Amino acid sequence: MEFTLKTFIFYGFALMTVASALLVVTVRNIVHAAFSLMVTLFGVAGLYVFLQADFLAATQVIVYVGGILVLILFGVMMTSGRLEMRIHIERGQLLLGGAVALALFMLLLTVIANTPAWKNRIDDGTALPPTTEKIGELILNGPFLLPFEVVSVLLLVALIGAALISRKEVRD
Amino acid sequence: MSDFRAMFSGFPDFNISEGFFPNINLQEKLNWAEEFIQNILIPRLPEGVAAHFPVELGTMLVMFACAGIFVAVVPLLPLVLVLAERKVAARFQNRTGPMRVGPWGTLQTLADGIKLIFKEDFIPPQGDKLLFLLAPYVIFACSFAVFAAIPFSQNILVSDFNIGIFYIMAISSVIVMGVIMAGWSSNSKWSLLGSLRSAAQIVSYEIPLGLSILTVVMLVESLSMTEIVASQSNGVFSWLIFRTPFTFIAFFIFFISAIAEVNRTPFDLPEAESEIVAGFHTEYSGMRFALFFIAEYANMFAVSAIAVTLFLGGWEGALPGFDILGGMPGFVIKTLGLVFLMMWLRWTLPRLRVDQLMNLCWKYFIPIAFFNILGTGIWGLIFPEDTLVSIIISCAIIYSGLIAAYAIAGRVMAQKPAPQPSSI
């Protein structure tokens, strides 16, 4: 296999993703786990770029790193003590978690192996067209219009629910 | 080796001379570096060396060198801006500002920088050392990665991303992670309070910011920064700020939210000196503090540059056919104008309270921004193409709206202010 710059960067991203994902589950300090999750999400965004999914890569960063991870950290910092945020891992949890992870891994491998579009894809160096326009067409002018609207209504309901729960008059 | 290759046959084939980052136009730059090595460097080398010259590695080194130049040049901006800020502040307060180092104090920032390098690099012993050391780099790297997508002129841009403005939003949303990192790892109340305030503020103001960017994207029908600039190439009235009345409102929402995003007065609650010392970077000293400082001023320049690109024509000139306010100089002048506006606001307005800050965002900016999106959509249906008529109508609406706003503001200010509730 030709070892080129692209290979180098790809394996860099892959290593980054896997190593930091391992850190997320092994590290004892919950805040450290959250920050290594940031590196994992970045690595996954990098892999999306290699799969020619530019829009998805940016969405990954903006939604997961800029939104969800910030909320996780907010929750951790506001609820527990300062530097003593340690997690206990018992052996039973470890086994169960390992089994679930292994099952998920096997499932994903099967899916990857049986996806014809990936198997038959020959990279002749031509770049695929940008994905943004296609995604927009599919969501707003195509088969995914209904799911998109259903999801947006669901999110709206969640938003109103959150506002309702956090209101003072209701809580008192 | 062939088995190994077959194993990965499903993956894209990594060959540099073919497609590198597919949708991101980095390839031209890479090809440029590779051509430089192939055509210029190798013929000049002795034959024995040339035969084994690692072109791949060389290309990468050229890339790193370019990035290095970039990272070395951009901090010069803060060097100028910090001095400018102090001079502007002095002018506003009827002082002279720094006058001792160099003529009119022009070398003051350089002296301060040298001083900061030689200062003690203090790490709080009770804090989280690893995260404390990493945090400045996260903020610094994200602030600088934003510059990669900003077109300074037709040819001076690092990369013409297809998802340009979206990339900028994504990268700048990571800065808040660095802020939380710094605040938490310092093990100090001031730092933690500052970082929580900053995170709440940045996450809130990202929404009106993104929504007002969306109005522009709706009109241009592209996320690419170069295409956004290209759509404003017919002089000052084709700039997106004047294109519809809604983008005119969107510009102000964008700019005010951007000031909140970079934590400057009147939105500087995360670093409010009178309450929480210096916010999330209270415990930092020496060069690490300088990194925060450089990142802050680089951010200031970056958001102004984005505002210019999105609303004020980017590097396109003010008159079609004439090179007034065009090209790189025009772009920089426009951007520095907005930076000056930020400084002006900083030394004019007092700081907001927390409840005022959140009210402004959630009760005013977000509804107005949504109204803008609706309005832009309707405008796009009525005027699918930009014609003289649409621009005249738009400018007439903006003009009458400004006059109405002036009249209403005058009437409101003449009234006695209602007593403020002291909830916080």
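Descriptive notes on the structure:
- If only residues of region B:197-207 that are more than 10 Å from chain A (Cβ to nearest Cβ) and small (Gly, Ala, Ser) are counted, the one that is nearest to B:Thr265 (Cα to Cα) is B:Ser198.
- Of the set (1) away from chain A (no Cβ under 11 Å); (2) within 20 Å of the chain's Cα centre (by Cα); (3) surrounded by 20 or more Cβ atoms within 10 Å (Cβ to Cβ), all apply to B:Gly194 but (2).
- One residue alone among B:Ala89, B:Ala72 is assigned to a helix (DSSP H, G or I), more than 14 Å from chain A (Cβ to nearest Cβ) and modelled with pLDDT of 85 or more, and that residue is B:Ala89.
- Filtering region B:119-128 to residues that are out of contact with any helix residue (DSSP H, G or I) (no Cβ under 8 Å at 6 or more places or on another chain) and more than 11 Å from chain A (Cβ to nearest Cβ) leaves only B:Pro125.
- Considering (1) among the aliphatic types (A, V, I, L, M); (2) surrounded by 20 or more Cβ atoms within 10 Å (Cβ to Cβ); (3) within 11 Å of another protein chain (Cβ to nearest Cβ), the lone condition that B:Val146 does not fulfil carries the number (3).
- Which numbered condition B:Ser224 misses (of (1) more than 26 Å from B:Met343 (Cβ to Cβ); (2) over 16 Å from the mean Cα position of the chain (by Cα); (3) not β-branched (Val, Ile, Thr)): (2)
- Any hit, region B:193-216, residues being in the same structural domain as B:Pro124 (by TED's automatic domain parsing) and assigned to a loop (DSSP other than H, G, I, E, B): no
- For beta carbons closer than 8 Å, sequence separation of 6+ or different chains, a first residue in region B:116-133 that is within 14 Å of B:Phe280 (Cα to Cα) and a second that is among the small types (Gly, Ala, Ser) and in a loop (DSSP other than H, G, I, E, B), the qualifying pairs are B:Pro124/B:Ser186; B:Pro124/B:Ser188; B:Gly127/B:Ser186; B:Gly127/B:Ser188; B:Phe132/B:Ser186.
- Single residue of region B:155-172 satisfying the filter (more than 15 Å from B:Phe144 (Cβ to Cβ), at pLDDT 85 or above and within 7 Å of chain A (Cβ to nearest Cβ)) that is surrounded by the fewest Cβ atoms within 10 Å (Cβ to Cβ): B:Met169
- Within region A:22-61, being in a helix (DSSP H, G or I) and at the interface with chain B (Cβ under 7 Å from one of its Cβ atoms) holds for A:Val31, A:Phe35, A:Met38, A:Val49, A:Phe50, A:Asp54, A:Phe55, A:Ala58, A:Val61.
- Considering residues of region A:123-143 that are closer than 20 Å to B:Glu221 by Cα and assigned to a loop (DSSP other than H, G, I, E, B) only, the residue modelled with the lowest pLDDT: A:Leu128
- Any chance B:Leu310 is over 24 Å from B:Asp268 (Cα atoms), under 16 Å from the mean Cα position of the chain (by Cα) and in a helix (DSSP H, G or I): yes
- Lone unmet requirement of (1) free of Cβ contacts under 8 Å to residues at least 40 places away in the same chain; (2) small (Gly, Ala, Ser); (3) assigned by TED's automatic domain parsing to the domain that holds B:Ser198 for B:Ala111: (3)
- Any hit, region B:218-239, residues being in contact with a Phe, Trp or Tyr (Cβ under 6 Å, 6 or more places away or on another chain), assigned to a helix (DSSP H, G or I) and assigned by TED's automatic domain parsing to the domain that holds B:Leu312: no
- The set of residues from region B:93-121 being of a type in the set (Phe, Trp, Tyr) and surrounded by 13 or more Cβ atoms within 10 Å (Cβ to Cβ) comprises just one member, B:Trp104.
- Scanning region B:104-159 for residues that are under 27 Å from B:Val303 (Cβ atoms), small (Gly, Ala, Ser) and outside any helix (DSSP H, G or I) turns up B:Ser153, B:Ser159.
The values are calculated or read from the model by the stated rules, or taken from the named source; none is laboratory data. This is a predicted model, so every value here is computed, not measured. Every residue, glycine as well, gets a Cβ built from its backbone with ideal geometry; the counts of neighbours run over all protein chains shown.
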